[in-house]
Each structure stands twice: as C-alpha cells, then as structure tokens.
Amino acid sequence: MKITEIRLGRISVPLRVPFKTALRSVDSVEDVIVEIHTDNGAVGYGEAPPTGVITGDTTGAIIGAIQDHMVKTLVGRDVDDFEDIMIALQGCILKNTSAKAAVDMALWDLYGQLYKIPVYKLMGGARKSIVTDITISVNEPDEMVRDAMNAIQRGYDCLKVKVGKEPEKDIARLSAIRQAVPKDTLIRIDANQGWTPKEAVRILNGMQERGLDIEFVEQPVKAHDFEGLKYVTERSYVPVLADESVFSPEDAMKIMQMGAADLINIKLMKCGGLYNALKIASAAEVYGVECMIGCMLEAKISVNAAVHLACAKKIITKIDLDGPVLCSEDPILGGAVFNEQLITVSDEPGLGIKGFESGRVTYL
C-alpha cells in the first residue's frame, strides 16, 4: 500500500452555542481536512483545527506545513513501513503539532485498513465505549446554570466548567452551578492558564471550603510555568491536571518526575498525533499517573482518532471528547457513534471514517 497523494480541504461546522474560555470565543469549527490516498484505492482521513492561541497553529500554517514538508516526506512510501514513516513525519519539520496530528491519524487509519483491524485494537483494545463530560462555557452565572441544566437534561452527569477570566466571579459561577445540578454531578473546572499560582491556591481552596466539591482543575497557571504548576499541586485541595503544559512526551515526563501535576491531559493536537500520545500513555503507566484525553474544538474525524486511543488504554480514565456534540450537525460519515455522553468506537478497519456529506468539504 503505497502513498500516492495527499489531498487537503476545509470544513466548517456551526456550534450549538458559542464556545467561550479565558482565551477565546468561537462560533464554529473551522478545520483542515487531510486525505491520504494510496495505490490500492484506500484512503486515510485526518483533521486539524487551527487553535493559534494554544498550539500556535493557524489554518495557513497547517496547510503550509503539510504541503511544503509532509507531502514530499511521505508520497511514494509504503504504509507498511510504519515506524520509519512516523519517525520521518515527526522529524520533517519542528513544532507544527496540529499538522502532524492530522497526517498521523490518517496514516494510522491506513495501517489499520492494511491489516483489516480497528486502530483501538491495534493499540490495546481495552474497551468499546467511553463516557465523556461536556463543556460549559464561561458566561454570566445565570447563563452558565442554564447551560449546565440543559446538559443534565440531555443525560450528562459530568460537567467541565470553564473559569479563569474573572477570578473573584469564578466562585459565584461554580456556586450557582453546584446548587442547581444534582448532588452526584461531577464538576471539573478548566482555568485555561487564567490564574497566578498563589491566586489559584486561594481560589481553589476557597471553592472546596464552600463545599463546591471540584473533581480537579485543568491548567490553572501559564503553560510554561512548571514550577508554578507544582506550587499549586502541592498546596491545593483540588487535584491538578496539566494540559497546555504538555506538548510532548518529554513535557509529560518532566511534569511526572517533578510531581508538578496529579493528572496529565493528552491532546493529539498538542503532542503531534497518536504516535506520541501512545508514548505519553506508556510513561503515565510507568509513573502511575492517570490521564485524561481531551480535544480542541474539533469535528468528528480527529475526535474519533482520540476515541480509539481512549478505548485502547486503561490509563486514560477521564474523557473530555465533546467536540462533536458541541456541533449543531455532523457532516462526517462513519467513525465512532456519539450518543451524547456515551461514545462507542467503530469496529471497522482503521479509524472507520467513510467520507463526508456531499459538498461539505472545500478542497484546496
């Protein structure tokens, strides 16, 4: 199975409601689509969102990295030379993790198709279904309560609440939500680097003292501030999850060695795809650190790849793969079934993606 062509396109999918964090506000998913074609007619699918505020990767950067570097590295190679191809992909350009992730998942898709096995079984095959949280965007407290109750009515029992924009108001936001939702609802919060270390400790401990019962906090401090992350982890009543601090297996190893976080968040767009995500999961197994798997604002192709990893590895105990259910429609055919909080992986070979609704992808 030789690679003959890499085609790129763009897809736009509107969100149900605007997605608001401490870093940005977004109304729709605007992703780059990757198709890797082969000489036997098989096609591997990948996807990357331009999340410049987190990864530094814009639409133009993703397209340029693939067209100028990855195409010449991969076209003509045999998919069966998988390890060598993955090493070449990761080494053909520095950084550009979103572009690498999109191409990486398309290659995994082809590799699974070559051997007629779903990718999650190639990686370990721990389970067939997972349960995700759903994100509650940062807004005024009453609006966040409405969004939280809507999620509860749709069957969710785990909410990821965005905070970090206005530290003093965050406690009021969480208090309002905690009072409104059923007692057994899990609430995890994501500060998106919004606090200083001392501020984080004060706010988090204040939340717990008020009985808000926060499961964990995601990335309370700046991504580069490993010492600050460690400061919070050692002093907070709330467990700490490292997210934007983890862009590579090396980052994850350093955080685990330092004891700088209680949990590690794996995101394909930050680490460069499934190949590196497996390394992070393996390191976490050695250190005994549980992982969450998350996503950016992505449509189903790339989130589907993350589902395969989550279904493969037991060390991944927390699931934050709500990208497709935040969208108002799903123009992508095949792949995992997203039934609100319950996600069921496909047993089709590869990643199980079959293509798109007619006219939804604009090819470049």
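For region 337-354, the set of residues classified as surrounded by fewer than 24 Cβ atoms within 10 Å (Cβ to Cβ), part of a strand (DSSP E or B) and touching a residue at least 12 places away in the same chain (Cβ under 8 Å) consists of PHE338, LEU342, THR344, LYS354, listed by residue number. Residues that are small (Gly, Ala, Ser) number at least 1 in the following helices (runs of 4 or more DSSP H) confined to region 1-105: 59-65, 82-91. Among the criteria (1) closer than 26 Å to ILE54 by Cβ; (2) touching a residue at least 40 places away in the same chain (Cβ under 8 Å); (3) β-branched (Val, Ile, Thr), the one ILE93 does not fulfil is (2). Taking the numbered list (1) charged (D, E, K, R); (2) touching a residue at least 24 places away in the same chain (Cβ under 8 Å); (3) closer than 30 Å to ASP190 by Cα in turn, ASP27 passes all entries but (2).
Residues considered: GLY359, GLY334. Of these, the only one that is surrounded by fewer than 20 Cβ atoms within 10 Å (Cβ to Cβ), modelled with pLDDT of 95 or more and at positive phi is GLY334.
Yes or no, residue by residue, for (1) closer than 25 Å to GLY9 by Cα; (2) in contact with a strand residue (DSSP E or B) (Cβ under 9 Å, 6 or more places away or on another chain):
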{"site": "TYR237", "(1), (2)": "no, yes"}
{"site": "LEU241", "(1), (2)": "no, yes"}
{"site": "GLU250", "(1), (2)": "no, no"}
{"site": "ASN265", "(1), (2)": "no, yes"}
{"site": "HIS308", "(1), (2)": "yes, yes"}
{"site": "ILE316", "(1), (2)": "no, yes"}
{"site": "LEU326", "(1), (2)": "yes, yes"}
{"site": "GLN341", "(1), (2)": "no, yes"}
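Against the test of being in a helix (DSSP H, G or I), modelled with pLDDT of 95 or more and farther than 17 Å from THR51 by Cβ, the options LYS270, LYS254 yield a single qualifying residue, LYS254. Every condition in (1) closer than 27 Å to ASP27 by Cβ; (2) modelled with pLDDT of 95 or more holds for ILE316 except the one numbered (1). If you go through region 284-301 and keep only what is within 18 Å of ASP243 (Cα to Cα) and either outside any helix (DSSP H, G or I) or touching a residue at least 40 places away in the same chain (Cβ under 8 Å) (or both), you end up with GLY288, VAL289, GLU290, CYS291, MET292, ILE293, GLY294, CYS295, MET296, LEU297, GLU298. If the condition is being in a strand (DSSP E or B) and surrounded by 16 or more Cβ atoms within 10 Å (Cβ to Cβ), then region 122-147 contributes ILE130, ILE134, THR135, ILE136.
From the list VAL131, VAL145, VAL163, exactly one residue is farther than 30 Å from GLU83 by Cβ, modelled with pLDDT under 95, assigned by TED's automatic domain parsing to the domain that holds LYS183 and of a type outside the set (Lys, Arg). Which is it?
Within the list VAL131, VAL145, VAL163, the selection yields VAL163.
The values are calculated or read from the model by the stated rules, or taken from the named source; none is laboratory data. Keep in mind it's a predicted model, so treat the numbers as computed, not measured. When we count neighbours, we look across all protein chains shown, and the Cβ atoms used for this are built from the backbone with ideal geometry, even at glycine.
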